[in-house]
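Worksheet for the structure shown next.
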Amino acid sequence: MAIPSSSAYLFLLSFFTLSLFLAISTAESESELELVADLRALQSESKSGVIHLDDRTIAKFLTSPKTPRPYSILIFFDATQLHDKTELHLRELRQEFALVASSFITNHNNSNTKLFFADIEFRESQSSFHLFGVNSLPHIRLVGPTAKSLKDESEQMDQGDFSRLAESMAEFVESRTKLTVGPVHRPPILSKTQMGLIVALLLIPSPFIAKKIFAGETLLHDPKIWLSGAVFIYFFSVSGAMHNIIRKMPMFLVDRNDPNKLIFFYQGSGMQLGAEGFAVGFLYTIVGLLLAFVTHLLVYVKNAKAKRVAMVFAICVSFWAVQKVIFLDNWKTGYGIHGFWPSSWN
C-alpha cells in the first residue's frame, strides 16, 4: 500500500505545482494585457497619441513590471520653463515628436501594441529625470522590453540627429525596434477652405490685372522695383538670412550674467546670431551700392572736380566698411587677414 500512496502523493504534488505555475503565468499574462490596455486607453485620450507620464505612471509601466515587457516606450523629456530658450528648440521638437507618434498610429491603423510614445515634464517628474540620468535637453530615450536599468539599458537618441526633426526620430525608432514607422504625415499649410478662399480672391480681380499687364502699367514694368529687388536679394544673400531661417537663429541672446543686457555679437565660430549677419550684410551692401554708383552714375557727371570728390568719398567709405568686416571676423574667429606686397616691390 506504500507504493500507491507515494505515487498518489507525487501525482497530487505535480498537479498542484503545475496548476500553481499555470495560475501564475495566467495572472502575469493578464497583468501584461491590462498594462497594454491602460497604455492604449491613455494613447486614445491624447490628440497626437503621445502619452503624458509622471513618476507614478513611470513606476507602473516601466519599473514595476517584470521584463521582458510586451511593449517599448519612446520618451520625450520636456521642460516647459525652457520653451523660451530658442536655442534648445524644445517646443518645435515636441511638435515633431507628436507628428511621429500620430503618423505611427495612423500608419498602423491604431492596432499596434508594440510601441508607445510618451513625454515627461521636468517639474512634474524630477525623480524620473534622475532615474534616467537626464541632465540636459533636448533628450529622447527608448525603453525596450528587456531594459531593467532605465539609465544604463535604455537607448538615447544622439542630439546631433535632431536636425532632421521628425524624419530622424522615425529612423531612430526603426533602427532600434525593427518596427516600421512609415511616412510622416505633416498637416497641410493651408486647409481646403483657405485654398478655396485664396483662389476666389485671385479670380475676382483677374480681369483688371490682365488689362494692366497688357497695357504695361503694373509695378513689374517699373525699373525702380527691379532695382530695389536686386538690392534686397544682394543683402539677403550676403547677410546670412538663409542661414538664420534654416537654423532658426535668434536675432540676439540675453546675457546670462546680466539679464538686462542683450548680446548681438557672439564671440566664437560655432554660432552666428541674426544681428551679426545683418550688420555685416549692411556693410557689404554699402560697398556694393557705392560700386554701382561709381560705375553706372558717376560716369555721367561732367564736372571733373565733383567726380574726384565722389570717388574719394566712395573709396574712403568702402575702405571703412571692409575694415569693419575684417575686424569683426578677426574678433569672432581669431583668424587674421594680412596684406602682402608683390615680391618685386621689396
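The relative contact order of the range 25-177, computed from alpha carbon pairs under 8 Å that lie at least 6 residues apart in sequence, is 30 percent. A Förster radius of 56 Å, combined with the Cβ-Cβ distance separating Ala200 from Glu153, puts the computed FRET efficiency at roughly 0.45. Within the assembled protein chains, the solvent-accessible surface assigned to Asp152 is about 120 Å², based on a 1.4 Å probe.
Dividing the Cα radius of gyration of the range 241-346 by 2.2 N^0.38 Å, with N the residue count, gives 1.46. Rounded to the nearest 10 square angstrom, Leu201 shows an accessible area of 110 square angstrom against a 1.4 Å probe.
Please identify every one of the GluC sites (Glu not before Pro) in the range 147-207 that sits in a loop by DSSP and has no more than 16 other beta carbons within 10 Å of its own beta carbon. The qualifying sites are Glu153. Potential lengthening of the chain between Ile225 and Ile263 amounts to 10.2 nm, from the contour at 0.36 nm per residue minus the alpha-carbon distance. Taking Val312, Val317 and ordering them by how much accessible surface each has at a 1.4 Å probe, largest first, produces Val312, Val317. The stretch between Ala241 and Leu328, if pulled fully straight at 0.36 nm per residue, gains 29.5 nm over its current Cα-Cα span. Residue-wise HN-Hα couplings along the range 191-202, as the Karplus relation 6.51 cos²θ - 1.76 cosθ + 1.60 with θ = phi - 60° gives them from phi, are 6, 4, 5, 5, 4, x, 5, 5, 4, 5, 5, 7 Hz; Gly and Pro carry x.
The long axis of helix 2-45 is offset from the longest Cα principal axis of the chain by roughly 30 degrees.
Taking only C-alpha pairs under 8 Å that are 6+ residues apart, what is the relative contact order of the chain in percent? Walk me through the intermediate numbers first.
Values: 324 pairs, mean separation 42.4, N = 346.
After rounding, I find 12 percent.
Where the centre of each part is set by its Cα atoms, how far does the range 128-155 sit from the range 189-243, in angstrom? Comparing the Cα centres of the range 128-155 and the range 189-243, I get a distance of 51 Å. Checking every one of the trypsin sites (Lys or Arg not before Pro) in the range 71-138 against DSSP loop status and a limit of 13 other Cβ atoms within 10 Å picks out Lys114, Arg123. Looking at the range 280-335, the chymotrypsin sites (Phe, Trp or Tyr not before Pro) that sit in a DSSP loop and have at most 16 other Cβ atoms within 10 Å of their own Cβ are Tyr335.
Between Phe293 and Glu167, what length in nm is gained on full extension when 0.36 nm per residue of separation is reduced by their alpha carbon distance?
40.5 nm
For the residues His108, His296, a 1.4 Å probe over the protein chains yields an accessible-area ranking, largest first, of His296, His108. The modelled label-to-label distance for the pair Asn107/Lys307, using points 7 Å beyond Cα in the direction of Cβ, is 6.9 nm.
So which lysines can Lys66 reach, going by Cα to Cα under 27 Å and dropping same-chain residues fewer than 8 places off? Qualifying lysines at Cα under 27 Å: Lys114, Lys148, Lys151, Lys178. Site pair Arg91 and Met271 shows an inter-label distance of 1.8 nm when each label is modelled 7 Å from Cα along Cα→Cβ. Modelled label-to-label distance, Leu179 and Ser343, 7 Å Cα→beta-carbon offset: nm? The answer from the label model is 6.8 nm. Compared with the dominant Cα axis of the chain, that is its longest principal axis, helix 90-107 is turned about 50°.
The values are calculated or read from the model by the stated rules, or taken from the named source; none is laboratory data. All of these numbers come straight from a predicted model, not from anything done at the bench. Heads up, the Cβs are rebuilt from the backbone with ideal geometry, glycines too, and the neighbour counts pull from every protein chain shown. To get the accessible areas, we keep the full protein, side chains included, count just its heavy atoms, and leave off ligands, DNA and RNA. Shrake-Rupley method; radii C 1.70, N 1.55, O 1.52, S 1.80 Å.
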